[in-house]
1. So for the stretch 69-86 (the condition being among the small types (Gly, Ala, Ser) and exposed (fewer than 12 other Cβ atoms within 10 Å of the Cβ)), does at least one residue qualify?
2. Find the helices (runs of 4 or more DSSP H) located wholly in the stretch 36-119 whose residues include 2 or more that are among the hydroxyl-bearing types (Ser, Thr, Tyr), and list them.
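What follows draws every value from the coordinates through simple rules; no lab data is involved. Here the structure is a predicted model, which means the values were calculated and not measured. Cβ coordinates were reconstructed from backbone atoms using ideal geometry, including for glycine residues, and neighbour counts include every protein chain displayed.
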Amino acid sequence: MRRKSRGRVRLANSDRWFFVQLYRWFPSILQVLTIIRPETLVRWHRAGFRRYWRWKSRPQGGRPRIDAELRVLIRRMSVENPLWGAPRIHGELLKLGFEVAQSSVAKYMVKRRGPPSQG
């Protein structure tokens, strides 16, 4: 087989997976199998783990991010109108045509210090 093929033997990912599983079941197979070196098999195994954890930690979606300009506008509205809460600012933003949740408005508002009671 080695004489027939010229150059390196090309292996698919499924072939690599098969050899990794074979090694996991029978670790002594490396003494018999001379087509791959042990460090090559370990490298494939580590690469598989890297690919798995990269896939596992990918962004899953969720709420779309709020633009920086909209965040600045929310902060400015909350500073200029200290008596307005998140529902009022949310309503004003809806009138202006911004699609944003009330909880997002509350998150980006300026935090007030002191009790919210009258002075």
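1. no
2. Working: elements: 38-56, 68-80, 86-96, 102-108.
Correct list: 38-56, 102-108.
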